[in-house]
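Inspection log for the structure reproduced underneath, given as structure tokens.
The values are calculated or read from the model by the stated rules, or taken from the named source; none is laboratory data. Owing to the predicted nature of the structure, the values given are computational and were not obtained by experimental measurement. Neighbour counts run over all protein chains shown; Cβ positions are idealised from the backbone, glycine included. Keep in mind that these areas ignore ligands, DNA and RNA; they rest on the heavy atoms of the full protein, side chains included. Shrake-Rupley method; radii C 1.70, N 1.55, O 1.52, S 1.80 Å.
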There are 4 protein chains.
Amino acid sequence: MDLNADLGESFGAWRMGDDEALLTLVSSANVACGFHAGDPLTMLGTIRAAVVNKVRIGAHVSYRDLAGFGRRAMDIGRDELYGDVLYQLAALDGMARAAGGAVSYVKPHGALYNRIVHDAAQAKAVGDAVRDFDPRLPMLGLAGSKIAAVAAENGQRFVREAFVDRGYRPDGTLVPRGEAGALLLEPEPVARRAVQMAVSGTVTAVDGTVLTLEVDSLCVHGDSPGAVGMARAVRAGLQSAKVPIAAFC
Amino acid sequence: MDLNADLGESFGAWRMGDDEALLTLVSSANVACGFHAGDPLTMLGTIRAAVVNKVRIGAHVSYRDLAGFGRRAMDIGRDELYGDVLYQLAALDGMARAAGGAVSYVKPHGALYNRIVHDAAQAKAVGDAVRDFDPRLPMLGLAGSKIAAVAAENGQRFVREAFVDRGYRPDGTLVPRGEAGALLLEPEPVARRAVQMAVSGTVTAVDGTVLTLEVDSLCVHGDSPGAVGMARAVRAGLQSAKVPIAAFC
Amino acid sequence: MDLNADLGESFGAWRMGDDEALLTLVSSANVACGFHAGDPLTMLGTIRAAVVNKVRIGAHVSYRDLAGFGRRAMDIGRDELYGDVLYQLAALDGMARAAGGAVSYVKPHGALYNRIVHDAAQAKAVGDAVRDFDPRLPMLGLAGSKIAAVAAENGQRFVREAFVDRGYRPDGTLVPRGEAGALLLEPEPVARRAVQMAVSGTVTAVDGTVLTLEVDSLCVHGDSPGAVGMARAVRAGLQSAKVPIAAFC
Amino acid sequence: MDLNADLGESFGAWRMGDDEALLTLVSSANVACGFHAGDPLTMLGTIRAAVVNKVRIGAHVSYRDLAGFGRRAMDIGRDELYGDVLYQLAALDGMARAAGGAVSYVKPHGALYNRIVHDAAQAKAVGDAVRDFDPRLPMLGLAGSKIAAVAAENGQRFVREAFVDRGYRPDGTLVPRGEAGALLLEPEPVARRAVQMAVSGTVTAVDGTVLTLEVDSLCVHGDSPGAVGMARAVRAGLQSAKVPIAAFC
């Protein structure tokens, strides 16, 4: 099972997340590309550390929104979004190659990630940009989303991810933040949930329903205070259950 | 002889320069990479037009300074500058590849161009970033500059350029803007100067001295009101003198 | 009748619009505040020219989006939007005061203008920011909009504007751009429409219906190629019809 | 004696410094204005907290350089710098007034602070912008600097500050960072130095020379890990020595 986390989210003088610790725990690093976080020097540091730790590098592409950290949905035109995604992906990949690595997948960030679950035009812009850059590059996202449909049409690989610390509703969607059960805050139940997802391919919804969940990668969060402890518990739990942790292939 | 001009310097809703006309006149396009001008969609449009017109694409890397159009020198640290150059170069090259082209040289822009004539540390940051991206990529700049020295040390090709519309002092340096003779404003003498540079490898300084000038590329300006007329005159002049216009190789 | 236009929309090295000409034609200038256009030096130039021409200065507040020129709607939180509006308004007003003027109204720009026609939360953020800055400052916008409702609740003056070069539907809304009749392109019918709006308080919709339209200000566009000609025709038309042109009060 | 510290240096999702704690310790807060740090919501939060804690608000104006945190000197023209300073000062002051406060002094930040010690043109731009905004507004800086000279010429009040945790050379200049003795890292000697500065108006240089130092405000740093402990020690030291802590007036 693949474990992915958001990394390289510092910017200039501002630090975010404990990248050093997380890079020893995950198999895939979603690296910010400068539009929501990640100045070039930060990107380079994250790339180098990922190469050393043999962690796969993914392009964490975003709306252009440093002030909002890419968390604000934007009505951006298809051509502009296509260009923005291509630019970020190209920048990270070229930097990675100069440092002995390469981008091996793309995961949209924040508001863009959520928007292309249901917005077909923006999903197409993202999918086409990734395809035109390299048609073999997989995209990481939510099963059943518009971006998954675009990937299918474009003949692109789509990697389905699940969230180990989020509550699920009986229909398979996430409990929205702010509602009861939206977030699992303790490492123990999060680790148990990760094992359930990886071993049985199911998740237990907030009402007790057990749902089938096809998943290729588990997302652990990188920027919360307990992020490292959570990732450590998930990794330990998977290892106890004899689930090998490795990047999807 | 190569003719180069700055292109792709629009940004978002703002237009600058007549790229369409210039792309039929020059052999090398210095394409802005987003730090002083050039949003991704503008970059893509310039790349596509350059590919269609068989004009060589160069990365016009700059300080991060949209508000100042990259014209303000900055005391930026070596690592930061290295990262900024690598990021811009990677972004443009990856975009160009997705559009059937590639970056085939690097020309620093504006204040960075001038700074690395004499600032060894910044010159090294620029040169190393280009080398680490691709050691075969030539850099375009001023003969006798610090960046030329870095290129020599790094084993990188250095393309020497001259300015067809700038006055030269007897010591081979440019007459500073603002002083008498700094700028040639009429197409006719500019075209004659271009022919002299290309054919005899000399330039006549403001005091009448004839200087030897080894030059691989002639720069015509892209963003002045008469830019297109000037470039047209230079091209016509060179063609009349039987100087073939083609990208340096 | 008041005539307003968007001004000061240059940024750094990029020029937009013919501010000089427009300032001799309109009575109110919507001045960009740095978030969609308008670096501080541009703002200062526009302010000074407005003071000289005795044109009223309005704060043309926007989403933070230079790359998109504030034309992309954004799901921004209420507190963040409140802060962004207050910041822009304060910056322009303080600069205006240093130059012998003052901000005397607020007009939201582009996507924000359109969003707060129907988005109550964002409308409230905008209205409250303006009220907390100065409760006597009028806001300019669309009659019947959410921002008009907020102004009413907050006890703020609301100035209703109409668009002289846009097609209207029988229900009083604008024909969306891209549809037939959305835009009037000839100065002559635009000037006639302006006179109709000012004299009879009506507008003739695309289907011929004559609608009542209470209007305090007429918006002429500033950044299109024919903007100055259009504004000149509108001004001349109103003067022929003996409609005095003066800022609302 | 006045104690000042840099506050409000978070930006968007990124946190910096422990403003809450520092606001209980200092008498003057240098508040970032959006150009090196401080999005509008952060500015508003800092302003409100300063008002509650009865701490004086200063405009911490900077070069426009979020990526470099305003720490990179820039060759910016006088008019542009004048505009940038005026914009930031106006924005912060207007926001402060909306929140029941006001800007009561200006302290340039980072590279700009250092540049206007010796660059007369940039110093004049800064001084003139502050004067044109409000001639009674004092500026905080280094005694003997170009900005102090501009203040004198302009008839502006100049508040001389000293650094409690920096080493001084026998000629009264600071030991450059990176050299031995540049930084005092322990709270105890820093507190003693603060008392010496406040009580006897002297400082002991790295070579033991005792220098006279006229000082109106002591700067404690806000963004280092031990910043709060240091400020607490300085405050306690001054109180033990019966030096009242209050904003300069």
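Remarks
- Take the Cα radius of gyration of region C:94-218 and divide it by 2.2 N^0.38 Å, N being the number of residues; the result is 1.16.
- Residues of region A:89-112 that lose at least 50 Å² of accessible area (1.4 Å probe, protein heavy atoms only) when the other protein chains are present, relative to their chain alone, are A:Ala98.
- Burial of 30 Å² or greater, region A:1-35 residues [accessible area, probe 1.4 Å, versus chain by itself]: A:Phe11, A:Ala13, A:Trp14, A:Met16
- Position B:Thr212, label points 7 Å along Cα→Cβ, spacing to each other copy in nm (shortest first, one decimal): 6.3, 8.1, 8.9
- HN-Hα J in Hz across region D:123-138 - Karplus 6.51, -1.76, 1.60, θ = phi - 60°, x for Gly and Pro: 4, 5, 4, 5, x, 5, 4, 5, 4, 5, 6, 6, x, 8, 6, x
- For region A:43-89 versus region C:170-229, the inter-centroid distance based on Cα atoms is 42 Å.
- With its label point put 7 Å out from Cα toward Cβ, B:Gly144 sits 4.0, 7.1, 7.2 nm from the same residue's point in the other copies, in order from shortest.
- Chain A, rotation onto D, residue closest to that axis via Cβ, with its distance in Å: A:Trp14, 2
- Per residue, region D:186-231 exposes 45 Å² of accessible surface when a 1.4 Å probe is rolled over the protein heavy atoms with every protein chain present.
- Neighbourhood net charge (9 Å Cβ-Cβ; Lys/Arg +1, Asp/Glu -1) for C:Ser27: +1
- Per the Cα gyration tensor, region C:60-141 maps to an equivalent ellipsoid with semi-axes of 21, 14, 11 Å, ordered largest to smallest.
- The alpha carbon radius of gyration of chain C, expressed as a multiple of 2.2 N^0.38 Å, is 0.94.
- The radius of gyration of the Cα set in region D:185-238, together with its Dmax, comes out at 11.3, 30 angstrom.
- When C:Thr204, C:Thr212, D:Thr42 are compared by accessible area of protein heavy atoms, the largest-first order is C:Thr212, C:Thr204, D:Thr42, using a 1.4 Å probe.
- The A-C contact accounts for roughly 900 square angstrom of buried accessible surface, both chains included, probe 1.4 angstrom.
- Volume in Å³ per residue [convex hull over Cα atoms, computed for region D:19-108]: 87
- Unsatisfied cross-links (Cα-Cα over 31 Å) in the set A:Lys107/B:Lys124; C:Lys146/D:Lys107; B:Lys146/D:Lys124; D:Lys54/D:Lys242; A:Lys124/C:Lys146: A:Lys107/B:Lys124; C:Lys146/D:Lys107; B:Lys146/D:Lys124; A:Lys124/C:Lys146
- Interface residues, region B:127-162 - accessible area loss of 10 Å² or more versus chain alone, probe 1.4 Å: B:Asp132, B:Phe133
- Value of D in µm² per second that Stokes-Einstein yields for the protein assembly as shown, Kirkwood Rh from Cα pairs, at 20 °C (1.002 mPa s): 70
- Percent accessible area from carbon and sulfur atoms, chain C, protein chains only, probe 1.4 Å: 53
- Site pair A:Leu185 and A:Gln239 shows an inter-label distance of 2.8 nm when each label is modelled 7 Å from Cα along Cα→Cβ.
- Shown for A:Ala121: label points 7 Å from Cα along the beta-carbon vector, and their distances to the equivalent points in the other copies, 2.2, 4.8, 4.9 nm in ascending order.
- Annotation: per residue accessible area for region B:29-98 equals 26 Å², rounded to a whole number [probe 1.4 Å, protein chains only].
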